[in-house]
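The values are calculated or read from the model by the stated rules, or taken from the named source; none is laboratory data. All of these numbers come straight from a predicted model, not from anything done at the bench. Neighbour counts are summed over all protein chains in view; Cβ atoms, including those assigned to glycine, are modelled from backbone coordinates with ideal geometry.
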Amino acid sequence: MSGKAFDFPQAEISWCAGCGNFGILNLLKDILAEVVADPQRFVLVSGIGQAAKLPQYVRAHYFNGLHGRALPSATAIKASNPSLTVVVTSGEGDMYGEGGNHFIHTIRRNPDITNIVHNNMVYGLTKGQASPTSARDFKTPVQVNGVILEPFNPLAVAIALDASFVARVFMGFKDHFREIVKKAILHKGYALVDVFQPCVTFNKINTYQWFRDRTYFLDDSHDTHNRMQAFERAIETGRFPLGIFYQQTGKPVFEDQLAAYQQDKAPLFQRKPNLEAVNRIVDKMRH
Amino acid sequence: MSIMPVKRIFHHDVSVVLAGEAGQGIETVEQILMRIFKSAGYHVSATKEYMSRVRGGTNTTEIRVSSRAVVAFLDRIDVLVALDPGAIDHVKDRLSPKTIIIVNEESHKEEGRDIFSVPFSKIAWELGNRILSNTVALGFLAALFGISAEEVIVQVRSSFAKKEADIIEKNCLAVQRGFNFGLQAVDRYQLTIQIERNADIKKQLIISGHEAAALGAVVGGCNFLASYPMSPSTGVLTFLAQHADEFGIVVEQAEDEIAAINMGLGSWYAGGRALVTTSGGGFALMSEGLSLAGAIESPMVIHLAQRPGPATGLPTRTEQGDLDLALYAGHGEFPRAILTPGTIEDVFVLTAWAFGLADRYQVPVFILTDQGLLDLYQTLAELPVVSTSISNEPVQTEPDYKRYRFTQSGLSPRGIPGFGQGIVCVDSDEHDESGHITEDGAVRRAMVDKRMKKHELLLEKVLAPVLYGAKDYKKLIIAWGSTFHAILEALELQKDPDMAFLYFRQVYPFPETAIPFIKKAKEVICIENNAGGQFSGLLRRETGLSVHKKILKYNGAPFSVEELVRQIWEQE
């Protein structure tokens, strides 16, 4: 499959040569061409950061909003027109740092959106400070003696919150990336895919080779419906497992449960103000 | 020591104040009492004043019962029902020798005042539930106004229709017991209350400011609300949540105000018509989102319900302290509109209007209210439930659609994803016509010009201020928002042939039609419920005109009619 439908040849890409984002962009366009039936009903949402520029380079509707705030906007886009397929693509600083509160509560809400988090364990756009997932002792111009904070563990947090789909991939393993991200987009409910990705400019530790050496694939012995097992895999640190950690089918999604859609399935833009209902309520105020 | 009561006669307009601890059920009494007075054919309004606590303290509600619609806050108390021991002290400055003071026999300690004692708690206890003391008070008050116990019982039965039969019967007994004490009070004070009854009022509605805002939003086409609870804005969230299925609107309690406004913007992007309702502190968190609305040229409607700050301030009280906040919030430069309703009807009409304005010009629009206005209840003949939308509906996009296309009018047709064949790209970075990031200086300048031009376009639809009082005036009061009723009533009381009042329903963009009205006056008095005189500052910046006198109040209470009379006409 080729990503033609989503190719945007005019794009002036501002990533460094060799950046892991290129791989993610190309793989994502291929996957979208395969799984998105109607590109007119597909929306990319991002925040701010190098990863958050990805929508700029795709021929697709996009909402490139504020740093950390992609998830609330994406949730509302889906809730305002449930026929849209919504994919959020942004970096770990955006999702786990600035937008940490939204990350937690979006999982609780469980909208039917896919959340792809480019995780390179460093801040790129602001030039090399620690990110929420930077390892302890990682030295930066700000963390001069090395990071002293515990790295944020997005998968463990998501599983603790009973997220409906939790996965991790490394962008260097293309076939695996394709398989998992495809499943994430097709999954009904909130789907988190944390993507290991090297930053060739500001992170000399977590390189392509580092990720190859320190990851392994979850195999058939892992039961993706077993939350305890998923949590155990999520807190492994020596070598990081890749694959689907946890998934649930049939968990109710946010927009399906909204009162607005119980009687009427029409997206909001097709609705007219219900003046009859207003008059009914005004009349009740007379008694 | 006993004091001989003086004979009491009240005409046309009676102010009843109910005082009790938080959690004692004062609000229930207020709601039923308003219905009782309305069905008796009286105009009625209620103004609440309460503490930021769930139990204890003293909360009061002032109910004005009158032959013509008057809804402003009065200092004067004609009848005080003091259900808690601290109540008399709480309102002591508002009592006069003429005030009839009703106390709860069991809890009243004070001596030396002319009081009328009713065993509210004892009766309630005998009937088996302390909460019934409220119903005793209903029966008591009805008797003072010449309303029969039967009329009260009809309202009590309908208000408690969902309760068990036993509870309803006990409430009816409580009404009768209270009513009998009320007759004794009438006798003792030789009380006469003369208020003309008007049968038409029975058909009127009883509505609050927050209900008017919520219903106005629906009429304006609101179909998405994301908010975080914060007094005094929460009533709008609650009301719309409770009717979300009937109206077919999405209502979500966000994790914080930052999420709320970013949800709102996401909804507008996808074709929804979103509202956020919040107060100053919550809106402060929305500032960056407001700026995003400016950057992506998204419509947005913000109901900013003011309360006294800074920071947490006085959470349950009132102030007009956030005009400057609404005016200057958000980094960068972009246009906005600020609507300032002063009556319940205007809250309704302007909230509906805000959606059309926001949609047409693709700008954020504020509706600035406050606790006093939102918690006000009143009888009202009618609400204009008609769609007056000036919206531009989202366009069906063509394949070559560009979200930020430069046009003659300055407005780019607003497309949404999934409607048409074009691609809709919005970006918080500076962008080109297609919505893609650019750092081209010429494009940047053109985009800034395009956005800023909407300030001029907003003037096409600016709401002119409304003049009240003398046509050939020498002195002019200017004011905005919730001070309206108290100013108008003061003006009507004084009948000063030299004085007029210019009421601003929109303060920004500043309505230029106001300028000749202001220039005509020899003296301009600006009345605001804040300490800084924010509106007179806005006037000076926008027009170069100065006011001669500022009447400012910032103790957390609304202006009363009496204090305005004193301050405007410099009495005492």
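General remarks:
- Residues in the stretch B:1-28 that are of a type outside the set (Asp, Glu), surrounded by 17 or more Cβ atoms within 10 Å (Cβ to Cβ) and either at pLDDT 90 or above or out of contact with any helix residue (DSSP H, G or I) (no Cβ under 8 Å at 6 or more places or on another chain) (or both): B:ARG8, B:PHE10, B:VAL14, B:SER15, B:VAL16, B:VAL17, B:LEU18, B:ALA19, B:ALA22.
- Looking across the stretch A:18-46, just one residue is under 24 Å from A:HIS67 (Cα atoms) and assigned to a loop (DSSP other than H, G, I, E, B), and that is A:CYS19.
- Evaluated against (1) within 30 Å of B:PHE224 (Cβ to Cβ); (2) touching a Ser or Thr at 6+ places or on another chain (Cβ under 9 Å); (3) touching a residue at least 12 places away in the same chain (Cβ under 8 Å), A:LYS29 falls short on exactly one condition, (1).
- Against the conditions (1) of a type in the set (Phe, Trp, Tyr); (2) more than 30 Å from B:PRO417 (Cβ to Cβ); (3) more than 12 Å from chain A (Cβ to nearest Cβ), B:PHE239 satisfies every one except (3).
- Of all the numbered requirements in (1) part of a helix (DSSP H, G or I); (2) surrounded by fewer than 24 Cβ atoms within 10 Å (Cβ to Cβ), A:ILE159 misses one, and that requirement is (2).
- Meets criteria (assigned by TED's automatic domain parsing to the domain that holds B:LYS38 and farther than 28 Å from B:VAL6 by Cβ) for B:ASN134: yes
- Among the numbered conditions (1) part of a helix (DSSP H, G or I); (2) within 14 Å of chain B (Cβ to nearest Cβ), the only one that A:SER90 does not meet is (1).
- Only a single item in (1) aromatic (Phe, Trp, Tyr); (2) in contact (Cβ under 8 Å) with a residue 60 or more places away in the chain; (3) out of contact with any Ser or Thr (no Cβ under 8 Å at 6 or more places or on another chain); (4) more than 9 Å from chain B (Cβ to nearest Cβ) is not met by A:TYR216, and it is number (2).
- Criterion violated by A:VAL166 - all others in (1) more than 30 Å from A:GLU255 (Cα to Cα); (2) more than 14 Å from chain B (Cβ to nearest Cβ); (3) in contact (Cβ under 8 Å) with a residue 60 or more places away in the chain satisfied: (1)
- Filter result (closer than 21 Å to B:SER546 by Cα, in a strand (DSSP E or B) and free of Cβ contacts under 8 Å to residues at least 40 places away in the same chain) within the stretch B:468-502: B:TYR468, B:ALA500, B:PHE501, B:LEU502
- In this structure, A:ARG108 qualifies as surrounded by fewer than 24 Cβ atoms within 10 Å (Cβ to Cβ) and within 11 Å of another protein chain (Cβ to nearest Cβ).
- Any hit, the stretch A:43-66, residues being over 16 Å from the mean Cα position of the chain (by Cα) and more than 8 Å from chain B (Cβ to nearest Cβ): yes
- Count of residues meeting criterion [part of a strand (DSSP E or B) and within 7 Å of another protein chain (Cβ to nearest Cβ)] in the stretch B:252-276: 0
- Selection status of A:GLY49, assigned to a loop (DSSP other than H, G, I, E, B), free of Cβ contacts under 8 Å to residues at least 60 places away in the same chain and surrounded by 24 or more Cβ atoms within 10 Å (Cβ to Cβ): no
- Single match in B:PHE181, B:PHE224 (criterion: surrounded by 18 or more Cβ atoms within 10 Å (Cβ to Cβ) and assigned by TED's automatic domain parsing to the domain that holds B:ALA137): B:PHE181
- Residue check for A:THR114: more than 11 Å from chain B (Cβ to nearest Cβ), in contact (Cβ under 8 Å) with a residue 40 or more places away in the chain and among the hydroxyl-bearing types (Ser, Thr, Tyr): yes
- Pick from the stretch B:160-178, criterion touching a helix residue (DSSP H, G or I) at 6+ places or on another chain (Cβ under 9 Å) and not hydrophobic (A, V, I, L, M, F, W, C), ranking: surrounded by the fewest Cβ atoms within 10 Å (Cβ to Cβ): B:LYS163
- For the stretch B:286-309, the criterion of being surrounded by fewer than 24 Cβ atoms within 10 Å (Cβ to Cβ), more than 14 Å from every other protein chain (Cβ to nearest Cβ), within 27 Å of B:ALA557 (Cβ to Cβ) and over 18 Å from the mean Cα position of the chain (by Cα) is met by none of the residues.
- Whether a residue is part of a loop (DSSP other than H, G, I, E, B) and not acidic (Asp, Glu) was assessed, and B:PRO516 does not pass this test.
- Residue check, B:ALA470 out of contact with any Gly (no Cβ under 7 Å at 6 or more places or on another chain), in the same structural domain as B:ASN530 (by TED's automatic domain parsing) and at pLDDT below 95: yes
- Of all residues in the stretch B:232-249, those that are small (Gly, Ala, Ser) and more than 15 Å from B:ILE367 (Cβ to Cβ) total 3.
- Subset of the stretch B:77-90 (residues that are at pLDDT below 95 and surrounded by fewer than 23 Cβ atoms within 10 Å (Cβ to Cβ)): B:ASP84, B:PRO85, B:GLY86, B:ILE88, B:ASP89, B:HIS90
- Meets criteria (assigned by TED's automatic domain parsing to the domain that holds B:GLY57, touching a strand residue (DSSP E or B) at 6+ places or on another chain (Cβ under 9 Å) and of a type in the set (D, E, K, R)) for B:ARG157: no
- Considering residues of the stretch A:67-76 that are touching a Ser or Thr at 6+ places or on another chain (Cβ under 7 Å) and at the interface with chain B (Cβ under 7 Å from one of its Cβ atoms) only, the residue surrounded by the fewest Cβ atoms within 10 Å (Cβ to Cβ): A:THR75
- Residues within the stretch A:118-144 that are part of a strand (DSSP E or B) and surrounded by fewer than 24 Cβ atoms within 10 Å (Cβ to Cβ), tallied: 0
- Scanning the stretch A:96-151 for residues that are out of contact with any helix residue (DSSP H, G or I) (no Cβ under 8 Å at 6 or more places or on another chain) and among the hydrophobic types (A, V, I, L, M, F, W, C) yields A:VAL122, A:LEU125, A:ALA130, A:ALA135, A:PHE138, A:VAL142, A:VAL144, A:VAL147, A:ILE148, A:LEU149.
- Selection status of B:SER233, at pLDDT 95 or above and either within 7 Å of chain A (Cβ to nearest Cβ) or crowded, with 23+ Cβ neighbours inside 10 Å (or both): yes
- Failed criterion for B:LEU215 (all others in (1) aliphatic (A, V, I, L, M); (2) within 30 Å of B:GLY313 (Cα to Cα); (3) in contact with a strand residue (DSSP E or B) (Cβ under 7 Å, 6 or more places away or on another chain); (4) within 8 Å of chain A (Cβ to nearest Cβ) hold): (3)
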